[in-house]
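**Student:** Here it is, the structure in full.
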Amino acid sequence: MAEFNVNEIRKDFPILSVKAYGKPLVYFDNAATSQKPQPVIDSLVDYYTNYNANIHRGVHFLSQKASSAFDEVREKARAFIHAASEREIIFVRGTTEAINLVASTYGRKHLEKGDEILISAMEHHSNIIPWQMLCGEKGAVLKVIPMNDRGELMLDKVEALLSEKTKLVSLVHVSNSLGTINPVKEVIALAHAKGIPVLVDGAQSTAHGEVDVQDLDADFFAFSAHKILGPTGVGCLYGKLHLLEDMPPYQGGGEMIQTVSFDRTTYNEVPYKFEAGTPNIADVIALGAAFDYWSRLDRKAAGAWEQELLTRATTLVSGIPGVRLIGTAAQKAGVLSFVIEGVNALDAGMYLDTKGIAVRTGHHCTEPVMLRFGIPGTLRASFMFYNTMDEVDLLAENLRNAIRFLQPQAAL
């Protein structure tokens, strides 16, 4: 991949030069949160240093400048996922709040006793619990698309699970714990053939390839800033305009109103109807800087590099005696989950940490996935375009060392 200069890219990310326990940091926890390039960090400092003010309320210089910078990000978000209109972009705290917003508005309005919501067997807790809460409130039923032993959705089961009782499908685009890239476009087509809307959890997919919500024909699409080089505490919900206009407000307060009296309140237009109160101004502006960074990046080359990293890591790690991969789908993003025979995942993760290698251990907020595979959790290495082949080699080498240390009888 000579056309993708990872060493130059790494210079944009100051944290990658940090030492962990005196060793160069190897950051393989990107599915939990990505690192931030210098322009994103600078944008936060610039806002608080030079034009900190509340937006959409003041006629003074600082407020006007902050309002303009904030409003520009909505258009950048629209372009990032190829939405039809910037009015279809709602700023939220992240994917979790986006899903809860849809459950609390669209779901409450359209779900009745005996109705059904369809999700998949590999959902993050954030795409399970809101629907469980809604079903419990409404007397509805939550149904699940099963997956096979490779961690792939059983697409042939979807059509049978869709019925006149199904009021919504909510599906993860890329599994955070398995790396599986789901055939969401095909599921959406099957659902739409029966008039059923679909929400797509794009928390992982937006970091690993171009997303076009119009091509997918998604009705709702949710993603978080911190997974895509931006700050924590902010994200976006996309919704088709006619659906958003028909939905009641999520919260009440300032900004989401047109008029207020003690007798009645009239609500603002979309998207402001869903954005009550002072927003997370600084982090939205920093998200805009992240969108700018993506627009300058060769995303095709970056994606190809991530696949090279995944391929090498898969080969090396799966070749270690006692290691079993969890999630071997034919179509995967940069996530490698595995267990080690006779070695606790947490112990192995802590050992790797002493060598400067950051991985994630546990159930990754996907307990039903772990139950499906009969394990308590996994070690997960997740990759981003700024990772290197040398880092992958260090992971494999230190995994072998970890097994020798934690399982002395192992002959490697």
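The numbers here are math on the coordinates, done by the rules we state, and not lab data. Just so you know, these numbers come straight off a predicted model, no measurement behind them. Neighbour counts run over all protein chains shown; Cβ positions are idealised from the backbone, glycine included.
**Student:** Please give the contour-minus-distance gain from residue 215 to residue 304: 0.36 nm per residue of separation, less the Cα-Cα distance, rounded to one decimal in nm.
**Tutor:** Difference between extended and current length: 29.9 nm.
**Student:** Also, quick follow-up: Taking one equal scatterer on every alpha-carbon of the range 230-297, how large is log10 of I(q)/I(0) by Debye at q = 0.18, 0.20, 0.24, 0.27 1/Å?
**Tutor:** The computed values of log10 I(q)/I(0) come out as -0.79, -0.90, -1.06, -1.15.
**Student:** Could you please rank 108, 380, 93, 296, placing first whichever residue has the fewest other Cβ atoms within 10 Å of its Cβ?
**Tutor:** Result, fewest neighbours first: 296, 108, 93, 380.
**Student:** Ok, one more. With no solvent and one equal point scatterer per Cα, compute the Debye intensity ratio I(q)/I(0) for the chain at 0.07, 0.10, 0.12 Å⁻¹ and report its log10, rounded to two decimals.
**Tutor:** -0.35, -0.72, -1.00
**Student:** Based only on the alpha carbon positions, what is the Kirkwood hydrodynamic radius of the range 124-276, in angstrom?
**Tutor:** 17.3
**Student:** Give 227/332; 194/332; 109/165 a once-over and call out the pairs whose C-alpha atoms are over 23 Å from each other.
**Tutor:** With Cα atoms farther than 23 Å apart: 194/332.
**Student:** Continuing with the same structure: Rounding to the nearest 20 debye, state how big the charge dipole of the range 41-295 is about its Cα centre with +1 on each Lys and Arg Cβ and -1 on each Asp and Glu Cβ.
**Tutor:** 520
**Student:** What residue among 374, 277, 136 shows peak mean-square fluctuation when the chain is described by a Gaussian network model with Cα springs under 10 Å?
**Tutor:** Largest GNM mean-square fluctuation: 374.
**Student:** Sticking with this one: In nm, give the distance between the simple-model label positions of residue 15 and residue 353, each being 7 Å from the Cα along the Cα-to-Cβ direction.
**Tutor:** Distance between label points: 1.5 nm.
**Student:** May I ask which residue of 120, 158, 322 lies farthest towards the positive end of the charge dipole of the chain, with charges of +1 (Lys, Arg) and -1 (Asp, Glu) on Cβ and the Cα centre as origin?
**Tutor:** Ranked along the dipole, the leading option is 322.
**Student:** Provide Rg over Rh for the range 72-210; use the alpha carbon set for both Rg and the Kirkwood Rh (inverse mean inverse pair distance).
**Tutor:** Ratio of gyration radius to Kirkwood radius for the range 72-210: 0.96.
**Student:** May I pose another question? Residue 143: which aspartates and glutamates have alpha carbons under 14 Å from its alpha carbon, excluding same-chain residues fewer than 8 sequence positions away?
**Tutor:** Once the sequence-local aspartates and glutamates are set aside, what remains near residue 143 is 115, 116, 123, 159, 164.
**Student:** List 129, 99 from most exposed to least, where exposure is judged by having the fewest other Cβ atoms within 10 Å.
**Tutor:** If I rank by nearby Cβ atoms, fewest first, I get 129, 99.
**Student:** To continue, here is another question. What fraction of the DSSP beta bridges in the range 41-295 is antiparallel, stated in percent and rounded to the nearest 5?
**Tutor:** Around 50 percent of the beta bridges assigned by DSSP in the range 41-295 are antiparallel ones.
**Student:** Right, here's the next one. Before rounding to the nearest 500, sum -39500 (n - 2.57) across all DSSP H runs of length at least 4 in the chain and divide by the residue total; then give [θ] at 222 nm in deg cm²/dmol.
**Tutor:** -11000 deg cm²/dmol
**Student:** Right, another one. Starting with the fewest neighbours, write out 236, 135, 365 ranked by other beta-carbon atoms found within 10 Å of each beta-carbon.
**Tutor:** 365, 135, 236
**Student:** Please identify the helices of the chain, taking whole runs of DSSP H, that span at least 24 Å along their own axis as judged from the Cα atoms and have a mean Kyte-Doolittle score of 0.0 or higher.
**Tutor:** Those that pass (Cα extent of 24 Å or more, hydropathy at least 0.0) are 389-406.
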